[in-house]
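Student: Please see the structure below; I have some questions.
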Amino acid sequence: MNPTRGFVALGVFVGLLSAIFILQYTAAPYEPQRLYIFQYLLRTQDLAGAVLVIFIAVAAAIPAIGRPAAALVEAIARNPWPTAVASFLVLCAAQIYVADNHALAGDEHLMLMQSKAFAAGRLAAEFPPALLTWLIPWDYAHRWLMASTTTGEVVPVYWPGYALLLAPFSLLGIPWACNPLLASGSLVLMGRLASRLTGVPQAAGWAMLFALASPAFTGMALSYFSMTAHLFFNLAYAWILLERTPRRLLLAGVVGSAALILSNPVPHLLFAAPWIVWIARQPGARRALLTLAAGYAPLGLGLGIGWWVFVRQVQGDIWFAPYPADDDPYHRLGNFLWFWQVQFHRVFTEPTESTLAKRLAEQVKLWLWTVPGLPALAAAGWWLARKQPPLHLLGLSLICTALGYLVVWFDQGYGWGVRYLHPAFGALPVLAAAAIVLVRDPTLGLALRRYAASAALLSLVLATSLRWAQIHAFMEDQLSRRPPFEKGARQIVFVFRDYNYYTQDLVQNDPFLRDPVIFMLSHGRRNDYLMMRRYFPNAHQVLDTQYGHVWRLD
């Protein structure tokens with residue numbers, strides 16, 4: 001078979017199979033309810049993505065497209081840093097104008113709010129205790145955030161590493177630049193890994209283009225999720241471990257500990273597991289593992305455990321604990337163990353048909369949010385490089401990450417691309433680049449290079465345009481469900497709760513209410529009115545809409 005025809009057939013097959021799966025998986029009762037946001041986005045965005053994958057798979061076979069595409073690969077390989085800088089600038093602009101510089105999900109906002117608290121030299125946000133249930137979605141308390149009704153302190157349950165990374169950007173008023181910077185750094189690391197591990201400088205151009213042309217990579221950078229930071233630190237971890245000197249092992253531990261505390265330790269643990277096992281099987285394993293652990297310990301244990309203790313202090317006594325909150329050590333130990341058992345079962349479960357379907361849906365998104373055929377090309381690269389440990393380990397990190405989430409019961413919810421796999425996403429472009437440069441058959445190699453370059457160029461232009469348009473449309477629709485207000489004027493904006501549209505996530509405030517506009521979650525018009533008369537007697541209502549009402553503070 002002509003290799004090009006095989007690539008076209010694969011792309012068409014994947015596109016059709018993905019469309020069939022989406023139609024089946026998102027059948028009633030999911031569609032058109034936005035409450036099931038993962039299924040909703042799969043149905044409303046990824047059917048179009050499947051059609052585009054089929055189109056690109058066919059169009060990439062046009063010979064005329066291959067020449068400029070190949071020239072682009074060469075240009076990127078010669079200019080990796082200028083490419084990264086240009087990508088950073090474009091992603092910053094897209095964060096502002098495509099994603100509206102808006103933290104879509106509640107956990108995105110919690111990270112952003114925490115970063116502003118850190119930037120102010122404080123450990124937690126602080127709101128008036130009497131207004132807590134208006135200022136935060138109270139049903140998130142003891143789940144995604146802890147809030148003290150005594151002090152008014154509010155902290156997310158997530159570990160603080162990503163918020164600390166965001167803090168200097170928040171201090172400068174440019175939090176939107178953090179993820180684009182991390183994505184650009186990840187781009188360089190992918191290029192460096194590809195060229196070094198294959199011994200072919202051109203591989204850097206292939207890896208960087210495959211990443212840039214995958215909307216999963218650029219789309220995740222247009223958010224305030226911590227996944228781009230996970231990707232950057234995991235790639236840096238792999239780069240450092242290419243040499244197992246004591247100094248680099250210690251440094252890898254430090255970088256790994258920074259990855260552990262970004263939001264939760266699972267993404268890095270899954271990525272790092274194959275590397276640690278590999279180190280354990282090498283000569284001098286005991287000393288190497290102790291050195292690596294010494295790097296992990298200070299930040300991982302100190303900041304990780306210290307933050308957990310602080311969050312528990314903010315939480316205070318657990319009113320639903322099984323034993324009294326007294327000084328009895330057995331009661332304290334029982335409550336401690338019970339608390340962690342509850343936290344564990346909130347996340348992990350035995351694999352079921354439902355969780356397998358969710359993970360399969362994420363694999364569909366992986367194919368539809370990357371350069372057409374990229375996972376297959378990466379699999380081929382993994383096979384060709386199976387005797388080269390670092391490349392093999394990158395593939396194992398991706399597989400380990402995918403398998404690890406089989407015991408997580410919930411889906412990713414929001415997220416552009418595949419959020420749970422994103423910490424290990426870097427394996428795909430690097431292994432795909434290896435497949436391009438390591439194939440030995442001249443005929444197959446030439447056809448592969450031409451087709452892959454054409455598919456990447458078309459994806460960079462067409463898939464990026466489609467996905468960014470989808471992101472912008474969704475952001476605009478979500479923000480339209482917040483009552484209009486006058487920017488700069490001192491106002492309180494009440495948002496009516498609509499679980500189907502997650503309007504509670506539109507209640508986003510400065511951690512110390514320093515902004516002129518304060519958002520509150522409505523308790524109903526009458527209760528809102530009584531609260532305003534009590535705490536803001538001089539305020540007057542200026543707008544009442546189907547989505548909420550607005551009061552001006554004089």
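The values are calculated or read from the model by the stated rules, or taken from the named source; none is laboratory data. These numbers were taken from a predicted model, which means no experiment stands behind them. Quick reminder, even Gly has a Cβ in these numbers, built from the backbone with ideal geometry, and neighbours come from all protein chains shown.
Student: Taking the condition surrounded by fewer than 19 Cβ atoms within 10 Å (Cβ to Cβ) and not aliphatic (A, V, I, L, M), does Thr83 pass?
Tutor: So Thr83 fails the test.
Student: Let me ask you something else. Being over 30 Å from Pro68 (Cβ atoms) and of a type outside the set (S, T, N, Q) narrows it down to one of Phe496, Phe425, so name that one.
Tutor: Phe496
Student: Another question, then. When only residues in the range 490-500 that are in contact with a Ser or Thr (Cβ under 7 Å, 6 or more places away or on another chain) and part of a loop (DSSP other than H, G, I, E, B) count, which is surrounded by the most Cβ atoms within 10 Å (Cβ to Cβ)?
Tutor: Applying the filter and picking the extreme gives Phe496.
Student: Based on what the data block shows, is Leu431 in a helix (DSSP H, G or I), assigned by TED's automatic domain parsing to the domain that holds Arg34, within 30 Å of Leu35 (Cα to Cα) and under 29 Å from the mean Cα position of the chain (by Cα)?
Tutor: no
Student: Among the numbered conditions (1) under 28 Å from Leu164 (Cα atoms); (2) part of a loop (DSSP other than H, G, I, E, B); (3) not hydroxyl-bearing (Ser, Thr, Tyr), tell me where Ala86 comes up short.
Tutor: Answer for Ala86: the failing condition is (2).
Student: Considering only residues that are surrounded by 15 or more Cβ atoms within 10 Å (Cβ to Cβ) and of a type in the set (S, T, N, Q), look in the range 501-554 and name the one that is farthest from Ala105 (Cα to Cα).
Tutor: For the range 501-554, the residue satisfying everything is Gln541.
Student: Among helices (runs of 4 or more DSSP H) lying entirely in the range 215-327, which contain 3 or more residues that are closer than 27 Å to His102 by Cβ, touching a residue at least 60 places away in the same chain (Cβ under 8 Å) and out of contact with any strand residue (DSSP E or B) (no Cβ under 6 Å at 6 or more places or on another chain)?
Tutor: Because the criterion is at least 3 residues that are closer than 27 Å to His102 by Cβ, touching a residue at least 60 places away in the same chain (Cβ under 8 Å) and out of contact with any strand residue (DSSP E or B) (no Cβ under 6 Å at 6 or more places or on another chain), the helices (runs of 4 or more DSSP H) in the range 215-327 that meet it are 215-221, 227-240.
Student: Please pick out the residue among Ala59, Ala75, Ala103, Ala69 that is over 30 Å from Leu446 (Cβ atoms) and among the hydrophobic types (A, V, I, L, M, F, W, C).
Tutor: Ala103
One line per residue, one yes/no per condition, for (1) buried (at least 24 other Cβ atoms within 10 Å of the Cβ); (2) over 26 Å from Ile65 (Cα atoms); (3) in contact with a Lys or Arg (Cβ under 9 Å, 6 or more places away or on another chain); (4) of a type in the set (Gly, Ala, Ser):
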residue	(1), (2), (3), (4)
Leu377	yes, no, no, no
Pro389	no, yes, no, no
Asp411	no, yes, yes, no
Tyr414	no, yes, no, no
Pro429	yes, no, no, no
Ala433	yes, no, no, yes
Arg440	no, no, no, no
Leu446	no, no, no, no
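Student: Quick one: which of Leu209, Leu165, Leu112 is outside any strand (DSSP E or B), over 23 Å from Arg467 (Cβ atoms) and not aromatic (Phe, Trp, Tyr)?
Tutor: Leu165
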